[in-house]
1. List the chymotrypsin sites (Phe, Trp or Tyr not before Pro) within segment 546-588 that fall in a DSSP loop (any state other than H, G, I, E or B) and whose Cβ has at most 15 other Cβ atoms within 10 Å.
2. Which of the lysines could be linked to Lys250 by a straight reach, that is with a Cα gap under 18 Å, when you skip same-chain ones fewer than 8 residues away?
3. Straight-line reach only, C-alpha to C-alpha below 19 angstrom: list the lysines that Lys493 could link to, leaving out same-chain residues fewer than 8 apart.
4. So which trypsin sites (Lys or Arg not before Pro) in segment 520-617 pass both tests, a DSSP loop state and at most 12 other Cβ atoms within 10 Å of the Cβ?
5. I'd like the accessible area for Val275, computed on protein heavy atoms only with a 1.4 Å probe and all protein chains in place. Round to 10 Å², please.
6. When the accessible area of the chain is split by element with a 1.4 Å probe, what percent falls to carbon and sulfur?
7. Identify all aspartates and glutamates with a Cα-Cα distance to Lys180 below 13 Å; exclude those on the same chain that are fewer than 8 residues away in sequence.
8. Please sort by residue number the chymotrypsin sites (Phe, Trp or Tyr not before Pro) in segment 32-94 whose DSSP state is loop and whose Cβ has at most 14 other Cβ atoms within 10 Å.
Amino acid sequence: MNNFKNSKMNVDALFLGPKSENAVFFKEMMEYAVSEHMHWRSGYHPEDPDLISTVDRYAPEYRDTLYRTEGILNQLSSKLKTTSVPWFSPRYMGHMNADTFMISNLAYVMAMMYNPNNCAQESSPTTTVLEIEAGLDLCGMFGYDVQNSWGHITSGGTVANYEGLWVARNLKTLPLAMAKHPQAQALLSDKSDHALLNMSTVSILDLIDVLKKQGLFEAVREMTCRGEGIEQGKLGKLLVPQSKHYSWLKAMDILGLGQQNIVQLPVDENYRTDVNQMRQIIFSLIEQGEPILAVVAVVGTTETGAIDNVAEVIKLRSECETRFGVSFYVHIDAAYAGYACAMFRDENNQFIDYEALIQRYHNEGVFPPDVVWPKPDVYESFKALNQADSITVDPHKVGFIPYAAGAICMKDKRIVDLISYHAAYVFEEVQEKSRKSDKQQNVLLGSSIMEGSKAGATAAAVWAAHRLVPLNLWGYGKVIAAGVTTANWLIEKINLSQPFVIDNREFEIMAMPSPDFHMVNFMFKESSNTCLVKQNQLNKRIYELCSYAAGRTYANDFLTSSTSLSYEEYGDNPKNLCCDAGFSESEWDKVRSIYVLRAAIMTHCLRDKQHFDSYWEELTNIFEDKLQQLIDEENKHSQPNQKVSI
Ligand SMILES: *Cc1c(COP(=O)(O)O)cnc(C)c1O
């Protein structure tokens, strides 16, 4: 992990900037990338003759083709400029999007011109190695032992989740396959079916080692579910929080495990998995003899940014092992907040003690004095990540990298053999060699991961970002802290703000208190309104005015996203929010859903308090305008339409 000790890094110098402040540098580097590539072409076998002459290039058809190329690009550019969402601006506060790092955009373009395909190293000699390095960077950030772990880039968190469940599924069936294999059977010392379905990850991986030594592994692997399919319902339940991303439903469907085998874990009043209920559910599954395929904890839920209590999940697993001899796979869906693990690591990649961390944040200006982050239990969750079997994380969210960049990290790389499509021993050897020597090897990423052909440019973008912005509190820590700071200030301003008075009607703005990360859920409320349906309509209408749905994305003053916090996902927990907003419990019981505006605060450019204060002033003006617009529309609609009376 070279360069990780470099602490001199300016956050504003990482991005092109909301006004393209770094335009000169960015252009220069883009020009550099293009001209380097052109030299590369012309320098390749200079003895080869030019195949296209100047005369050829002046032919009418030739010119025409170039003109049309330009024309189509003009069209595309004008489409993009009128319809794209201005992620770079702090006026955009919605999904997990912000400006992306210059270095990643440049590295992407630079590598893309060479068109490397990371499916196989023979089509991507450089970028395959970069992908393996970038994967190990992430493993190191999570506290995995980089000698024994493994990570790679996926198209996103969705595919990373699929892959996590894929290894968990194949792992679960390995002991069953062994029991069916005449020679492998002997290694199991007469375990019951029940015991075979409840083994710990590490004990199964140790068995794989034994199988390999005896030359049995590949034969047994073909008898796992990957060869023989799965018996319906046999592999037990997948436990995921109710707040889950819907990729888990798709994953159970695609992997043939069945959505009916999902057990949804209820959340508590902080929108995190309710630890006590999880405990009861797991114990009762064990009592019923139902195996647990895997338990998923979410680090940064998509809707509220809640951070599940990972430490408690890990503790519970140990408890189940000692009390009942039952273990289960643990996967962490940290697609959203995973990169925040960098905020806890020092220059030597050590996880910093809580007190020391808070002190360093404030002494070294990572956070201003008035922002205290994280809560102690959030800290414990990040600390426990290294105990999980696998982790999903999205570089294209809080990694500030352009699409499509997700990633999965696996604690013990031996697990890859369960999904890979080549002889097991070759892979490890080759992976080692490709990291250690300059000699080209043919690492076949495509045969050990879910995807096949994939952009090497993405690997270059992630790798380059990790080299410039270290995965510690000085690098990503500072960048992410800017968003967390802004989120905190925003909530504070919302809490202190005076009601808007428009046409003698009074509207308040309120926020969900103390999020775990930088997702701010907020809403407007007409002070006199006691009807939750009307409340939801108001905020839905505001969303429409402040989103692409208004039809003038580029010209719009402010853009946000929205969601409904409903009973199906959150039980009665949103009732607190309803009551805080002044609605009666019976309103909640009737409607059981509350519509909120949702903003992942990722911007790096409001970390200066003065900038933030003027931004907030502008924002309140915008809110006032939007409310006015809404009331004007309401008034227009409520006036009798004279033309109708024909
Ligand atoms: C975004 C997200 C996903 C899906 O990731 P994609 O990159 O959109 O495929 C999965 N889980 C969580 C918690 C997420 O926030």
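The values are calculated or read from the model by the stated rules, or taken from the named source; none is laboratory data. Values in this document were obtained by computation on a predicted structure and should not be read as measured data. Neighbour counts are summed over all protein chains in view; Cβ atoms, including those assigned to glycine, are modelled from backbone coordinates with ideal geometry. Surface accessibility is based on the protein's heavy atoms, side chains included, excluding ligands, DNA and RNA. Shrake-Rupley method; radii C 1.70, N 1.55, O 1.52, S 1.80 Å.
1. Numbers: sites: Tyr548, Tyr554, Phe558, Tyr567, Tyr570, Phe583, Trp588; in loops: Tyr554, Phe558, Phe583.
Of the chymotrypsin sites (Phe, Trp or Tyr not before Pro), the ones in loops of segment 546-588 whose Cβ has at most 15 other Cβ atoms within 10 Å are Tyr554.
2. Candidates past the 8-residue exclusion: Lys237.
3. Counting by Cα, and skipping residues close in sequence, Lys493 has these lysines nearby: Lys525, Lys609, Lys626.
4. Details: sites: Lys525, Lys534, Lys540, Arg541, Arg552, Lys575, Lys590, Arg592, Arg598, Arg607, Lys609; in loops: Arg552, Arg592, Arg607.
Within segment 520-617, the qualifying trypsin sites (Lys or Arg not before Pro) (loop, at most 12 other Cβ atoms within 10 Å) are Arg552.
5. About 40 Å², rounded to the nearest 10.
6. Working: 14880 of 29060 Å².
Roughly 51 percent, rounded to a whole number.
7. Output for Lys180: Asp190, Asp193, Glu222, Glu228.
8. Values: sites: Tyr32, Trp40, Tyr44, Tyr58, Tyr62, Tyr67, Trp87, Phe88, Tyr92; in loops: Tyr44, Tyr58, Trp87, Phe88.
Taking segment 32-94 and a limit of 14 other Cβ atoms within 10 Å, the loop chymotrypsin sites (Phe, Trp or Tyr not before Pro) found are Tyr44, Tyr58.
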